[in-house]
Amino acid sequence: MKKLWVYVLLFCLLCLMTVAVAALLLNILERKQEAAHTFEKVVELDESTVDPEVWGRNFPRQYDGYKKTSQTYRTKYGGSEAVSKIDEDPIWKRLFAGYAFGVDYREERGHAYSLSDQHETIRTKEFKQPGACLQCHAGGLKAVYEEQGGGDLQKGFEKVCAMPIQEAWKLVKHPVVCADCHDPKTMELRVTRPGFLNGIKVLKEKEGIKDYDPNTMASHQEMRTFVCAQCHVEYYFKGEGKLLTYPWHNGLKVEEIEAYYDEVGHVDWKHRETGAPVLKAQHPEFEMWSQGTHAKSGVACADCHMPYMRVGASKITDHHIRSPLTNISRACLQCHHFTEQEMLDRVELVQSRTNALLDRAEAAVEGLMDEVVAAKKEGVSEEALKPALDLHRKAQWRLDFVSAENSMGFHAPQEAARILAEAADYGRQGQLAAARARGMVPAAPEPDQQAS
């Protein structure tokens, strides 16, 4: 009788184990099916589907992330709060004297605000701006450009660029949206901004690649950077038609872009105090990143700013686009095996050193400006001051290139340090040149005298 109970107990345990194993296998199968089934088609999407809410019916997880770009945050040297940069560091009001950025220059907010922030800034309310601005601030522009160009993307792009911004706004309703980076039929990444398509073609031609089209020739990993580089770049408005142009004809480095601007005679404005023909850097994240170790290692923008995440059994890209410093565990620690605090400390050390160099470069450019202003008050001619004014252009361009780039040097620390060192050097050289024009210091000795 006792043995019978033992057999019964063993049988029950075996049954329980069988049920448990079957349940585990069933769960694994369900999870595999869940992982393979990435979305449920609820609505048909096409090029006319611009509203991200409609895309969200098919891709609710990604849409949840996209909506979070309306949230604000602050890091030590950046963030997405609309704080005034010229109030935080008033020297920039003087550096931008006579230009729209000297009146209103704010921290960029998330993608959800890309269009509304442009509506609200004083730079569009009190200064004339072209429709070219639309390329990076509005959503669904592929359809807009093609409609305006009678089916020709480039012609429509040129037409919209030349419009006053208030007229161009009537063509759009949404900020940056899903269709700007994804094909509505295949969900493949794509570039839709003609400014980038034209710029990367010129850049690749310099490398010996003819008729480069990222949509057919780039790898998937490259596209995870190119969709961001559609907007996070340096650019200018070319000619009477204000054609938005990426100045990559000589390369991506700060001096290569400067050389192109010098060749075409581009000037953003004449500085109100010094009269120097200065340049305004935009937000050259792609250019700066391209000089850094992450770019050389094949790390894309999305790896850090849109890292993969697990939702149930599915692996998706996090569409809450933001600073990696708000998401260190998934953005950084997948490759760097430190604690979150150590990773944060490393980043902030780079940024603090860059910020210290930025302060020194600012002081050098301000010293140059002070000396030029003093010289002009004394009646020194513009011709005599030309060497100092040329150096003002070179120094401020480099200073602004690092300041306007939204990583405080982290995308390429050594490159940022090099650029700021040149900014400080050109600033002090310009200060001396202006002092010589005033007769405050002796003229520089001739080269043979220096050698002796």
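The values are calculated or read from the model by the stated rules, or taken from the named source; none is laboratory data. Note that the structure is predicted; figures quoted are calculated from it, not measured. All Cβ positions, glycine included, derive from the backbone under ideal geometry; neighbour counts span all protein chains shown.
What's the number of the only condition in (1) touching a Lys or Arg at 6+ places or on another chain (Cβ under 6 Å); (2) touching a residue at least 24 places away in the same chain (Cβ under 8 Å) that residue 253 fails to meet?
Condition not satisfied by residue 253: (1).
Just to confirm my filter: which helices (runs of 4 or more DSSP H) fall fully inside segment 38-105 and include at least 2 residues that are under 24 Å from residue 409 (Cβ atoms)?
Result: 85-88, 91-95.
Do we find a residue being in contact with a Pro (Cβ under 7 Å, 6 or more places away or on another chain), at pLDDT 95 or above and crowded, with 16+ Cβ neighbours inside 10 Å anywhere in segment 35-57?
For segment 35-57, residues in contact with a Pro (Cβ under 7 Å, 6 or more places away or on another chain), at pLDDT 95 or above and crowded, with 16+ Cβ neighbours inside 10 Å: present.
Has segment 394-410 got any residue that is modelled with pLDDT of 95 or more, buried (at least 23 other Cβ atoms within 10 Å of the Cβ) and touching a His at 6+ places or on another chain (Cβ under 6 Å)?
No, the conditions are met nowhere in segment 394-410.
Mind telling me which of the residues 441, 373, 365, 380 ends up being over 23 Å from the mean Cα position of the chain (by Cα), in contact (Cβ under 8 Å) with a residue 12 or more places away in the chain and not in a helix (DSSP H, G or I)?
Of the residues listed, the single one that is over 23 Å from the mean Cα position of the chain (by Cα), in contact (Cβ under 8 Å) with a residue 12 or more places away in the chain and not in a helix (DSSP H, G or I) is 380.
Residue by residue through segment 173-188, note down the ones that are surrounded by fewer than 19 Cβ atoms within 10 Å (Cβ to Cβ) and among the aliphatic types (A, V, I, L, M).
If the condition is that a residue be surrounded by fewer than 19 Cβ atoms within 10 Å (Cβ to Cβ) and among the aliphatic types (A, V, I, L, M), then 187 is the only one that fits.
Mind listing whichever residues of segment 149-168 are acidic (Asp, Glu) and within 24 Å of the chain's Cα centre (by Cα)? Steps first, please.
Within segment 149-168, the subset acidic (Asp, Glu) is 152, 158, 167.
Once the filter is applied, which keeps residues that are acidic (Asp, Glu) and within 24 Å of the chain's Cα centre (by Cα), segment 149-168 yields only 158.
From the residues in segment 337-357 that are in contact (Cβ under 8 Å) with a residue 12 or more places away in the chain and closer than 20 Å to residue 306 by Cα, which one is surrounded by the most Cβ atoms within 10 Å (Cβ to Cβ)?
That would be 347.
Might you check whether a residue that is more than 19 Å from the chain's Cα centre (by Cα), more than 27 Å from residue 59 (Cβ to Cβ) and not acidic (Asp, Glu) occurs anywhere in segment 302-316?
No, there is no match, as no residue in segment 302-316 is more than 19 Å from the chain's Cα centre (by Cα), more than 27 Å from residue 59 (Cβ to Cβ) and not acidic (Asp, Glu).
Check residue 114 against each of (1) modelled with pLDDT under 95; (2) within 28 Å of residue 173 (Cα to Cα) and name the one condition it does not meet.
The number of the failed condition is (1).
Residue-by-condition table, conditions (1) more than 18 Å from residue 387 (Cα to Cα); (2) crowded, with 23+ Cβ neighbours inside 10 Å:
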{"position": "237", "(1), (2)": "yes, no"}
{"position": "244", "(1), (2)": "yes, yes"}
{"position": "267", "(1), (2)": "no, no"}
{"position": "273", "(1), (2)": "no, no"}
{"position": "287", "(1), (2)": "yes, yes"}
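So how many residues does segment 143-158 have that are of a type in the set (D, E, K, R) and buried (at least 22 other Cβ atoms within 10 Å of the Cβ)?
Final tally of qualifying residues: 0.
Between residues in segment 324-336 that are assigned to a helix (DSSP H, G or I) and residues that are acidic (Asp, Glu), which pairs lie under 7 Å by C-beta distance while being six or more apart or on different chains?
The qualifying pairs are 328/340; 329/340.
Against the condition of a type in the set (Gly, Ala, Ser) and in a loop (DSSP other than H, G, I, E, B), how does residue 199 come out, does it pass?
no
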